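The values are calculated or read from the model by the stated rules, or taken from the named source; none is laboratory data. These numbers come from a predicted model, not from an experiment. Cβ placement follows ideal geometry from the backbone for every residue including glycine, while neighbour counts extend to all protein chains displayed. Ligands, DNA and RNA are excluded from the accessible area calculation, which covers all protein heavy atoms including side chains. Shrake-Rupley method; radii C 1.70, N 1.55, O 1.52, S 1.80 Å.
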There are 2 protein chains.
Amino acid sequence: MNDWPFSQRARNLTSSAIREILKVTERPEVISFAGGLPSPATFPAEQIRVATNRVLSEAPHAALQYSATEGYLPLREWVAARYSTPQHTVKPDEVLITTGSQQALDLLGKILIDEGSRVLVEAPSYLGALQSFSLFSPQYVSVPTDDDGLDPEALSPALTDGARFLYAMPNFQNPTGRRLSLARRQALAAIARERGLPIVEDDPYGALDYEGKSLPTLLSLAPDNVIHLGSFSKVLAPGLRLGYVIAPQPVHHKLVQAKQAADLHSPSLLQRIVYEVVKDGFLDAHIPTIRQLYSAQCRAMLDALARHMPAGAHWNQPAGGMFIWVTLPGNIDTMQLLEQAVAHNVAFVPGAPFFANGAPTNTLRLSFVTVPPAKIEQGVATLAGLITAALDRQAA
Amino acid sequence: MNDWPFSQRARNLTSSAIREILKVTERPEVISFAGGLPSPATFPAEQIRVATNRVLSEAPHAALQYSATEGYLPLREWVAARYSTPQHTVKPDEVLITTGSQQALDLLGKILIDEGSRVLVEAPSYLGALQSFSLFSPQYVSVPTDDDGLDPEALSPALTDGARFLYAMPNFQNPTGRRLSLARRQALAAIARERGLPIVEDDPYGALDYEGKSLPTLLSLAPDNVIHLGSFSKVLAPGLRLGYVIAPQPVHHKLVQAKQAADLHSPSLLQRIVYEVVKDGFLDAHIPTIRQLYSAQCRAMLDALARHMPAGAHWNQPAGGMFIWVTLPGNIDTMQLLEQAVAHNVAFVPGAPFFANGAPTNTLRLSFVTVPPAKIEQGVATLAGLITAALDRQAA
């Protein structure tokens, strides 16, 4: 059959040109700053192996049988306790275990977006969220950002009134690595409370602040208005595909119904394995080792950028996470730059696709977590050389 | 916040009254024929434990890292080989690993259904499929069925022309346990080929034919028109949440894009574990043990039904699978019957919810796989007694 009756939704799905270019980065000789992958050096494989053996010997039937859509109760209780603060208690029946945070984005698109619904997103925003939400045809409104994250001043009532929600990643955002300042968190929470604006707080990187000094979540500042997404991908391992969403009862209830239709429940075995691994405080000792590794690699890249980048290039100084956001001088198109870079065995992700509405072409995302410092130096030098040459050509 | 801005889609989501009633069936004293759960006695926990240890010692990083949306290639190759016939070769790049078959239903709804699209379903049909498809607001057209499955004679061009697809479960259907006859498979495949009708063939129970004499899949009879869904839930364990969809390239391509937005990929670790378990022919020895168990339990229930059910009650003689479909005489409402039955510590699932368009109220689904024969006898006797009493009241 040549003409399958695809939905309009499916016809709007397009393959990413960047994805095609980046396929070559699987070549070992390529120094790739393009990845969004955590470092496998941080995966607790042995703890997971031990936990699996325990789960399969102590509760083989329950671990392999269908289970509740909401998720494994002890794991939900663990999440609820972890997110409870003196000011606000998170209840286990506000927690839904999802097949990675990505699934939470799909479920939220389903229950909150009608065709043409206004959805506020950061400029730039997480590409995976835009992909999930776009299947439900929202009207995106981009909120301007700077090195302190999104600017609450820009959230006029004209923008927020009638908006289905604001999607934000306050901690070490993908793609920028920026953290929303405390003052802006408080301002944003106040707007949410006063105007009844729902906020989807996506927080996969929150635990990865290098100083271990985390800022309060939007959930803790406006619990009635915030839907909080968390993940085990960056603190344990992404291949487990386990995340969670904390939401007020009415939203939780709809999310559970939508999840039942999406995959019934997340794998029982993996939920029990993760609970076994984390229940006795493993993360408190494990996360600092991840912070230390990423902090050192981030420092290596910041030093390399300072050494090699031409004047006029701007980048942020991440306080955590996996990414640095670079803005180039002149009118250098980072899509063209990527093709040249790949030809020189260096890869990154151009910034344009992360913008929902129109995009500057002179931005790019660099990830430093999977590349050893020596390679970081080499790759940044090569990349900076190509940029300098491009600027010289423009000046000539 | 009291008034969350839910989508129309979310507002249409409703909780199942049956689900509420059946919650009590978790009480140990209840004999439940309501479950759709496979018997945990069949779960190969030890093989899974051994496979996990091997995977985590041989490929810990790959098993715990992000992986390709399409799925683990060796597992996709295994699926392709298993479904290839002398007449038709299935290619690995037509196989997508999904988070249970349920996810394939969600993805298919996304890429094939627009609001008001005509979707043909069996009457009755699998409830989980109706739940997934309904999120995308199709117009259902019900196709009549009998003990041989759906009737291709009923598929007039007026029905099939312009339909997005026909959803069918040809083997031991949930809820009826019926198998589509060979003649009807051939007739259905001919209609699909001649009219370009897409068919979604959902086949979680195909391996569970008690005689081990499987009929040809619709996929093998009309490969260009059929999207085939398979699952490891009924032959290994449902808690792994792993299934697969075999589809022609254009459909596969859209499914992959939709899955990326849904959960990026199914858990890498579980895909490798399942491959380790099945790669050397484990299922060829394992599946017959499941068939033997279910066949014996089915026989026990059929005997009990013959002993206790009042005249005029009709049920099928399943050749495989997990379910028996019962039609009651008179105008007994099986929703009311369920409440009485639960009060007497017996549970089943009323048939009405399985019909997309209007439903007879005198049908019910019985599962026999998780209840030991003695309890089957006791439960069926109790249920039949309640039905007989109800009929007597009606006659009086």
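Hey, can you tell me all the residues within segment A:278-307 that are of a type in the set (D, E, K, R) and in a loop (DSSP other than H, G, I, E, B)?
A:Lys279, A:Asp280, listed by residue number.
Could you check B:Asn12 against (1) touching a Ser or Thr at 6+ places or on another chain (Cβ under 8 Å); (2) surrounded by 17 or more Cβ atoms within 10 Å (Cβ to Cβ) and say which number it fails?
Going through (1) touching a Ser or Thr at 6+ places or on another chain (Cβ under 8 Å); (2) surrounded by 17 or more Cβ atoms within 10 Å (Cβ to Cβ) one by one, B:Asn12 breaks only (2).
Going by what's in this entry, would B:His265 be described as at pLDDT 95 or above and touching a Gly at 6+ places or on another chain (Cβ under 9 Å)? Spell out how you get there, then give the answer.
On the way: at pLDDT 95 or above: yes; touching a Gly at 6+ places or on another chain (Cβ under 9 Å): yes.
Against the criterion (at pLDDT 95 or above and touching a Gly at 6+ places or on another chain (Cβ under 9 Å)), B:His265 qualifies.
When segment A:28-46 is examined, which residues are found to be more than 10 Å from chain B (Cβ to nearest Cβ) and not aliphatic (A, V, I, L, M)?
A:Pro28, A:Glu29, A:Ser32, A:Phe33
Quick check on segment A:164-180. Is at least one of its residues surrounded by fewer than 18 Cβ atoms within 10 Å (Cβ to Cβ), of a type outside the set (A, V, I, L, M) and more than 9 Å from chain B (Cβ to nearest Cβ)?
no
Step by step: first the residues of segment B:137-162, then only those that are touching an Asp or Glu at 6+ places or on another chain (Cβ under 6 Å) and β-branched (Val, Ile, Thr), then the one that is most open to solvent (accessible area, probe 1.4 Å). Which residue is that?
B:Thr145
Counting only residues that are of a type in the set (A, V, I, L, M), open to solvent by 50 Å² or more (accessible area, probe 1.4 Å) and within 26 Å of A:Ala104 (Cα to Cα), how many does segment A:17-67 have?
2
Of all residues in segment A:6-27, which are in a helix (DSSP H, G or I) and within 8 Å of chain B (Cβ to nearest Cβ)?
A:Gln8, A:Arg9, A:Ala10
Take the residues of segment B:329-357 that are of a type outside the set (A, V, I, L, M) and open to solvent by 60 Å² or more (accessible area, probe 1.4 Å): which is nearest to the chain's Cα centre (by Cα)?
Applying the first criterion (of a type outside the set (A, V, I, L, M)) to segment B:329-357 yields B:329-331, B:333-334, B:336, B:339-340, B:344-345, B:348, B:350-351, B:353-355, B:357.
Retained after the next criterion (residues that are open to solvent by 60 Å² or more (accessible area, probe 1.4 Å)): B:331, B:336, B:339-340, B:344, B:357.
Working: B:Asn331: 28, B:Gln336: 25, B:Glu339: 25, B:Gln340: 27, B:His344: 28, B:Asn357: 19 Å.
Looking at the filtered set, the residue picked out is B:Asn357.
Does B:Pro267 satisfy the condition of being open to solvent by less than 20 Å² (accessible area, probe 1.4 Å) and either more than 28 Å from B:Ser16 (Cα to Cα) or away from chain A (no Cβ under 14 Å) (or both)?
Answer is yes for this residue.
Checking A:Tyr205 against (1) farther than 30 Å from A:Pro329 by Cα; (2) crowded, with 23+ Cβ neighbours inside 10 Å; (3) touching a strand residue (DSSP E or B) at 6+ places or on another chain (Cβ under 8 Å); (4) not hydrophobic (A, V, I, L, M, F, W, C), which test does it fail?
All conditions pass for A:Tyr205, except number (1).
Looking at segment B:282-297, can you tell me whether even one residue there is of a type in the set (Phe, Trp, Tyr), farther than 30 Å from A:Ala104 by Cβ and open to solvent by 10 Å² or more (accessible area, probe 1.4 Å)?
Checked against the condition, which is being of a type in the set (Phe, Trp, Tyr), farther than 30 Å from A:Ala104 by Cβ and open to solvent by 10 Å² or more (accessible area, probe 1.4 Å), segment B:282-297 yields at least one hit.
Based on what the data block shows, is B:Arg299 of a type in the set (Lys, Arg) and within 27 Å of B:Ala207 (Cβ to Cβ)?
Yes.
Regarding A:Ile273, is this residue open to solvent by less than 10 Å² (accessible area, probe 1.4 Å), in contact (Cβ under 8 Å) with a residue 40 or more places away in the chain and under 19 Å from A:Ser39 (Cα atoms)?
no
All but one of (1) within 30 Å of B:Leu135 (Cα to Cα); (2) open to solvent by 10 Å² or more (accessible area, probe 1.4 Å) hold for B:Pro372; which doesn't?
Condition (1) is where B:Pro372 drops out.
Every residue in segment A:240-264 that is touching a Ser or Thr at 6+ places or on another chain (Cβ under 7 Å), open to solvent by less than 10 Å² (accessible area, probe 1.4 Å), within 11 Å of another protein chain (Cβ to nearest Cβ) and touching a residue at least 40 places away in the same chain (Cβ under 8 Å), please.
Selection gives A:Arg241, A:Leu242, A:Gly243, A:Lys259, A:Asp263.
With the checklist (1) open to solvent by 20 Å² or more (accessible area, probe 1.4 Å); (2) over 17 Å from the mean Cα position of the chain (by Cα); (3) over 22 Å from B:Ala359 (Cβ atoms) in hand, flag the one item B:Ala222 doesn't pass.
Single failed check for B:Ala222: (1).
Take residues that are within 14 Å of chain A (Cβ to nearest Cβ) and touching a strand residue (DSSP E or B) at 6+ places or on another chain (Cβ under 9 Å) and tell me which of the strands (runs of 3 or more DSSP E) falling wholly in segment B:54-155 contain 2 or more.
So the answer is B:95-98, B:118-123.
Scan segment A:308-315 and tell me whether some residue there is part of a strand (DSSP E or B), touching a Leu at 6+ places or on another chain (Cβ under 7 Å) and at pLDDT 95 or above.
The answer is yes; a qualifying residue exists.
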